[in-house]
1. Within region 35-51, work out how many residues are free of Cβ contacts under 8 Å to residues at least 12 places away in the same chain and either surrounded by 14 or more Cβ atoms within 10 Å (Cβ to Cβ) or in contact with a strand residue (DSSP E or B) (Cβ under 6 Å, 6 or more places away or on another chain) (or both).
2. Please state which one of 81, 163, 148, 157 is surrounded by fewer than 18 Cβ atoms within 10 Å (Cβ to Cβ), in contact with a helix residue (DSSP H, G or I) (Cβ under 6 Å, 6 or more places away or on another chain) and under 17 Å from residue 64 (Cβ atoms).
3. Report, by residue number, each residue of region 66-121 that is under 30 Å from residue 147 (Cβ atoms) and over 25 Å from the mean Cα position of the chain (by Cα).
4. Failed condition for residue 22, given (1) touching a helix residue (DSSP H, G or I) at 6+ places or on another chain (Cβ under 8 Å); (2) assigned to a loop (DSSP other than H, G, I, E, B); (3) at pLDDT 95 or above, with all others met?
5. I'd like to verify a number: residues in region 98-121 that are in a helix (DSSP H, G or I), loosely packed, with under 14 Cβ neighbours inside 10 Å and touching a helix residue (DSSP H, G or I) at 6+ places or on another chain (Cβ under 9 Å), how many?
6. Which residues, counting only those in region 72-87, are in contact (Cβ under 8 Å) with a residue 12 or more places away in the chain and not in a helix (DSSP H, G or I)?
7. Give region 35-71 a look and list any residue that's at pLDDT 95 or above and not in a helix (DSSP H, G or I), or say none.
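The values are calculated or read from the model by the stated rules, or taken from the named source; none is laboratory data. These numbers come from a predicted model, not from an experiment. Note: ideal-geometry Cβ built from the backbone for every residue, glycine included; neighbour counts use all protein chains shown.
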């Protein structure tokens, strides 16, 4: 039980940190998330680092490839399909971000009103983990799809452009 509690704290973050105002002085409506985290989930911009394993292994994020579309000489078909991968990833990030926010609120409420029990704890932390897994899957899928659309020459060019910036 102690390990499960520690795991929950790691997932939700320390509430004292999350409750303090971010650099802009704004507070998150969800006590367990910083204002920046909350906004990132709402905007579908959270957890880009989840794609790190793909990017480190030459599977680029679609938005980053689209940024260099001219330099990479992407065809209209490549642009269309990479844009679709980017749109899919963004849509999933928005959907899942909303689910993560809802789960954070539920966990906070259950603890705040002393309604938490072992079963609810297992259920909601499992749900939280599943959402994080779905988020990572969406991001890695978009990277995989993007890499498949690029030629070897485009990949070499992309990586050289990334190194310069």
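1. Taking region 35-51 first, the residues free of Cβ contacts under 8 Å to residues at least 12 places away in the same chain are 39, 49.
Within this subset, residues satisfying the condition of being either surrounded by 14 or more Cβ atoms within 10 Å (Cβ to Cβ) or in contact with a strand residue (DSSP E or B) (Cβ under 6 Å, 6 or more places away or on another chain) (or both) are 39.
The total comes to 1.
2. That would be 81, the only listed residue that is surrounded by fewer than 18 Cβ atoms within 10 Å (Cβ to Cβ), in contact with a helix residue (DSSP H, G or I) (Cβ under 6 Å, 6 or more places away or on another chain) and under 17 Å from residue 64 (Cβ atoms).
3. 70, 71, 72, 73, 74, 75, 76, 77
4. Every listed condition holds for residue 22 apart from (3).
5. 1
6. Result: 72, 73, 74.
7. 57, 58, 59, 60, 61, 68, 69, 70, 71
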